[in-house]
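The values are calculated or read from the model by the stated rules, or taken from the named source; none is laboratory data. Computed from a predicted model, the values in this text were never measured in an experiment. In this analysis, Cβ positions are derived from the backbone assuming ideal geometry, glycine residues included, and neighbour counts consider all displayed protein chains. The accessibility values were calculated without ligands, DNA or RNA, using every heavy atom of the protein model including side chains. Shrake-Rupley method; radii C 1.70, N 1.55, O 1.52, S 1.80 Å.
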Amino acid sequence: MGRVIDLLKRIPIDLGQGAVAETTEGKQIALRLVPEGGGGRALDLGCRAGHQTRWLEAHGYTVTPVDVEKLFDRAEVVDANRQLPFPDDHFDLIWSSEVIEHLVDPGFSLAELRRVTKPGGHIILTTPNSYMVLFRLLALGGLTPERIQRADHLHFFDLDTIRTLAPDAEIYGYFPWMLVKRRLRLPGLIGALSPTFVLHIRPTE
């Protein structure tokens, strides 16, 4: 079974991870949500090797890259399971791609992201949709989300859990998974067809 999972992750079909992790349409949708012009403070939460930090800087943002381990030479080591070491209303933009599924209490961590974001700022997140139709079919054959996703994933979200976690978020997804992809905005289609949830949150206070 392990060999089957490894093979699936190498197939160049855009299911959000594997061979297309850095170019997946979910991440491209999220990048297109970043406001033009920049010029403000941004937090790259879960910066890993710094790809999005450099992208945000190229678009005019002053970026604070953080991660739970220092894979990027400029990263600050921060545990997003704890209170963030930043003041209230500090950032204009928070970028966090494929992070919240790793956190012990995503609700607590999202409240912290809201706390450090300026009113009217932007929180842009991506996370796997573990129960879209293809993954449900794979689960019938024993390939459950717990088996095909990374071993350090603690949460496996569906549309209902995402809505509960962030009821004020605009939620986006995409379909099909190869060739020309279309952005989805209807929640029912996103929940059924998109392998990725893209969340855009605008804190108001």
Q. Ignoring ligands, DNA and RNA, what percent of the 1.4 Å accessible area of the chain is carbon and sulfur?
A. 56
Q.
Using only the heavy atoms of the protein chains and a 1.4 Å probe, how would Leu31, Leu154 rank by accessible area, largest first?
A. Leu154, Leu31
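What whole-number volume per residue, in cubic angstrom, does the convex hull of the C-alpha atoms of segment 88-205 give?
Values: hull volume 12.5 nm³, N = 118.
In segment 88-205, the Cα hull volume divided by residue count equals 106 Å³.
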Q: Taking the dipole about the Cα centre of the chain, with the C-beta of Lys and Arg at +1 and of Asp and Glu at -1, give me whichever of Tyr172, Ala139, Leu71 is farthest to the positive side.
A: Ala139
Q.
Using the crude model of +1 on Lys and Arg Cβ and -1 on Asp and Glu Cβ, and no other charge, please compute the dipole size for segment 124-205 relative to its Cα centre, in debye to 20.
A. 380
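Can you give the net charge of the other residues whose Cβ lies under 12 Å from the Cβ of Tyr61, counting K and R as +1 and D and E as -1? Let's see the in-between values first.
Numbers: positive: Arg41, Arg54; negative: Glu36, Asp44, Glu57, Asp92.
That works out to -2.
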**Q.** Spherically averaged projected area of segment 28-128 from its Cα convex hull (nm²)
**A.** 5.9
Q) List the aspartates and glutamates whose alpha-carbon lies under 17 Å from that of Lys181, not counting same-chain residues fewer than 8 positions away? A) Asp14, Glu22, Glu25
**Q.** Extension gain (nm, one decimal) between Leu140 and Asn81, 0.36 nm per residue minus Cα-Cα
**A.** 18.0 nm
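Using a 1.4 Å probe, what is the accessible area per residue for segment 18-119, in Å²?
Working: 4590 Å² over 102 residues.
On a per-residue basis, segment 18-119 sits at 45 Å².
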(Q) Let's test the formula: R0 of 30 Å, r as the Cβ-Cβ distance of Ala151 and Arg183. What FRET efficiency results, to the nearest 0.05? (A) 0.45
**Q.** Among beta bridges that DSSP assigns inside the chain, antiparallel share in %, nearest 5
**A.** 45
Q: Would you please give the FRET efficiency between Gln28 and Asp105, computed as 1/(1 + (r/R0)^6) with r the Cβ-Cβ distance and R0 = 30 Å, to the nearest 0.05?
A: 0.55
